[in-house]
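Taking it in order: structure first as structure tokens, then the write-up.
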Amino acid sequence: ITFSIGSDNVKAGAQGAEYMVSQLGADATGPVLVIEGLSGNITGEMRATGFADRLAELAPGLEIVASLPGDWDRGKAANITNDILTRNPDLVGIFAANDGMALGAVESVFAAGKGGDVVIIGVDGNSDAVKSIQDGRLTASVAQLPYLVGKQALENVKIAVEGGTVEDRIIVPTLVL
């Protein structure tokens with residue numbers, strides 16, 4: 001393997017926390033839910049850790065009341081959100097490790113009559129998330145940028161084939177939508 005290329009999942013989670021704090025304020029207080037990926041999956045763990053660590057730095061009054069594996073599943077994330085909303089009706093934020101789970105959380109939040117009251121952030125920037133953001137339902141998504149991954153990969157393959165040296169690990173940026 002000459003090189004690997006991708007996003008920094010810890011940074012993506014941290015960007016989610018930064019955006020949540022920009023919406024709620026650094027002095028905000030209240031419960032926050034984290035919906036992780038599949039239990040033991042490094043990508044989901046890195047995103048959740050990046051979010052939790054950065055949230056604690058920026059807004060210590062926002063308390064993560066649950067961090068549960070949603071198994072990358074929209075329906076499971078909806079059920080988790082419903083359960084946590086029942087126990088914490090004053091929930092102020094939800095971070096989900098992917099957009100599918102974030103959209104499941106959106107469904108539960110709106111079904112509970114709390115649409116617009118809870119900041120909900122996903123990761124990936126997929127087309128369903130973009131539409132939900134445009135519709136005023138999902139608050140934001142930390143977008144992976146596959147175009148940049150492909151572009152950078154092709155540029156590095158060209159360099160390597162021509163005998164040049166490339167970094168073995170390349171990180172492309174993520175963007176909050």
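Listed values, structure above:
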read-out: Ala66-Ser4 pseudo-label distance in nm [points 7 Å out on the Cα-to-Cβ vector]; value: 3.2
read-out: Full-stretch length increase - Val149, Asp90 - with 0.36 nm per residue and alpha-carbon distance subtracted; value: 17.3 nm
read-out: 25 Å tail of the calculated P(r), the chain, as % of Cα pairs; value: 32
read-out: Mean separation of Cα contacts under 8 Å, 6 or more apart, over the residue count of region 29-130: relative contact order %; value: 31
read-out: Neighbourhood net charge (12 Å Cβ-Cβ; Lys/Arg +1, Asp/Glu -1) for Gly13; value: -2
read-out: Counted charge near Arg169, where neighbours are those whose Cβ lies closer than 14 Å (Asp, Glu -1; Lys, Arg +1); value: -2
read-out: Gain upon complete extension [Asn82, Glu162; 0.36 nm per residue less C-alpha separation]; value: 23.3 nm
read-out: Pairwise label distance in nanometres, Asp27 with Asp135, each label 7 Å out on the Cα-Cβ vector; value: 3.6
read-out: Residue-averaged [θ]222 nm for the chain, counting only DSSP H segments that reach four residues, each worth -39500 (n - 2.57); value: -15500 deg cm²/dmol
read-out: Exposure ranking of Arg87, Arg169, Arg54, Arg47 by accessible area [1.4 Å probe, largest first]; value: Arg87, Arg169, Arg54, Arg47
read-out: Contact order normalised by residue count of region 1-79, Cα under 8 Å, 6+ apart, percent; value: 39
read-out: Within-9-Å neighbourhood charge of Gly50 [Cβ basis; K, R +1; D, E -1]; value: +1
read-out: Ranking by accessible area, most exposed first, for Leu175, Leu85 with a 1.4 Å probe; value: Leu175, Leu85
read-out: The chain, relative contact order in percent, only Cα pairs under 8 angstrom and at least six apart counted; value: 26
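The values are calculated or read from the model by the stated rules, or taken from the named source; none is laboratory data. As the structure is a prediction and not an experimental result, all values here were calculated from the model. Please note: Cβ atoms are built from the backbone with ideal geometry, for glycine as well, and neighbour counts cover all protein chains shown. Accessible surface is based on the protein model in full, side chains and every heavy atom, while ligands, DNA and RNA are left aside. Shrake-Rupley method; radii C 1.70, N 1.55, O 1.52, S 1.80 Å.
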